[in-house]
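Novice: Could you have a look at this structure, given as structure tokens, before my questions?
The values are calculated or read from the model by the stated rules, or taken from the named source; none is laboratory data. The structure displayed is predicted, hence computed values, not measured ones. Neighbour counts run over all protein chains shown; Cβ positions are idealised from the backbone, glycine included.
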Amino acid sequence: MSTRKAFTLIELLIVVAIIAVLITILAPALQSAKEMATQSVCLGNQMVLGKGYLSYALENRQNLPVGDTRSGFYNRWNADRVSGGKTYPLWANPPHDDAFNYKGGHGHNPTLEWRKNGCRSGAIYPYVKNEAAYHCKGDRRLYEGTARGTGLSYRAYRSYALPDGLMGAQPFPAGTSSIAIPDLIKKYNTLKFPEDKYSFVESNYDLLAAAYEWDSWSFIPEIGLYRWWDNLGIYHVDGLTLAFLDGHAMKYKFKDDRSVEFHESRPGNSNSQPGNPDIEWFVQHYPIQKPY
């Protein structure tokens, strides 16, 4: 009659130690694989949004939708002084209820459904047809909030924004170059080299001014100034995804550690970064170039 020999305590401890070592070795690889999968989904989102933006322009006499997602009085593209009072549709709207009542203020505590309503009622949604394309799964603000707070008011859903140059809040942030908005950026067919100019960026706005991705992504497209302004969303291993004006998308990986440090903190590190190659790249591929 055979007897079964049990494991000794030492043997069990050795097995546990080996498993712990294997987990330590595999964890970074598993995390990297997860992030790569998230990046692939996000690139798909950017392609859908980029093609939706392009389709809107091609089916609307080359007119671009408004990149500034502020509502009503705050949106200068919808003010009376613009084109004789003509109202331009926003590419995405602020959060609102089913009766289209504005729910984008911090006091509204916008629900996830109200946030999705803002996506569904935007100008390009008929070409996108899926509100999931407006959210990057690497954007943890939806679950964790921002440095400003963790309540419903800080649970951003939409992860993407258009730069100021595409009918956005202003061509440059206040206190820098002051120019009038030229007619050329209201029409798709007046944009030069669309295959080389980005449209949608991933944003990491902290929801300071409103309870959603307010206005547009501000940046100073001036060679030599070397300044960031608004934060980009670094949701993919020291980089982000971008859509381009011809509808394709790509991953951009930052080359300068200062870029990562700035965009992962708000408020935080200095936005003045002389010699930063990432800033040079974003200037070179900005949708509009001098002369304006």
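Novice: State whether the residues of region 45-57 include one that is hydroxyl-bearing (Ser, Thr, Tyr), modelled with pLDDT of 70 or more and buried (at least 20 other Cβ atoms within 10 Å of the Cβ). Step through it out loud before you land on a result.
Specialist: Here is the first cut: in region 45-57, the residues hydroxyl-bearing (Ser, Thr, Tyr) are 53, 55-56.
This time we only want the ones that are modelled with pLDDT of 70 or more, so: 53, 55-56.
In the following step, the residues that additionally are buried (at least 20 other Cβ atoms within 10 Å of the Cβ) were identified as 53, 56.
Checked against the condition, which is being hydroxyl-bearing (Ser, Thr, Tyr), modelled with pLDDT of 70 or more and buried (at least 20 other Cβ atoms within 10 Å of the Cβ), region 45-57 yields at least one hit.
Novice: Only one of 173, 182, 277 is at pLDDT 95 or above and either in contact with an Asp or Glu (Cβ under 9 Å, 6 or more places away or on another chain) or not basic (Lys, Arg) (or both); which? Step through it out loud before you land on a result.
Specialist: Values: 173 fails: at pLDDT 95 or above; 182 fails: at pLDDT 95 or above.
Within the list 173, 182, 277, the selection yields 277.
Novice: With (1) in a loop (DSSP other than H, G, I, E, B); (2) closer than 16 Å to residue 215 by Cα as the list, and residue 115 as the residue in question, which single condition is left unmet?
Specialist: (1)
Novice: Follow-up question, since we're still on this one. So is residue 262 modelled with pLDDT of 90 or more and either within 30 Å of residue 109 (Cβ to Cβ) or within 17 Å of the chain's Cα centre (by Cα) (or both) or not?
Specialist: Values: modelled with pLDDT of 90 or more: yes; either within 30 Å of residue 109 (Cβ to Cβ) or within 17 Å of the chain's Cα centre (by Cα) (or both): yes.
Yes, satisfied.
Residues are listed down the side, and each one gets a yes or a no for (1) closer than 26 Å to residue 56 by Cα; (2) touching a helix residue (DSSP H, G or I) at 6+ places or on another chain (Cβ under 8 Å):
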residue	(1), (2)
113	yes, no
118	yes, no
123	yes, yes
136	yes, yes
144	no, no
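Novice: Identify all residues within region 227-245 that are crowded, with 17+ Cβ neighbours inside 10 Å and aromatic (Phe, Trp, Tyr); write none if there are none.
Specialist: 228, 235, 244
Novice: Residues that are more than 19 Å from the chain's Cα centre (by Cα) and surrounded by fewer than 21 Cβ atoms within 10 Å (Cβ to Cβ): does region 200-217 have at least one?
Specialist: From region 200-217, those more than 19 Å from the chain's Cα centre (by Cα) are none; that's our starting set.
Looking for residues that are more than 19 Å from the chain's Cα centre (by Cα) and surrounded by fewer than 21 Cβ atoms within 10 Å (Cβ to Cβ), one finds none in region 200-217, hence no.
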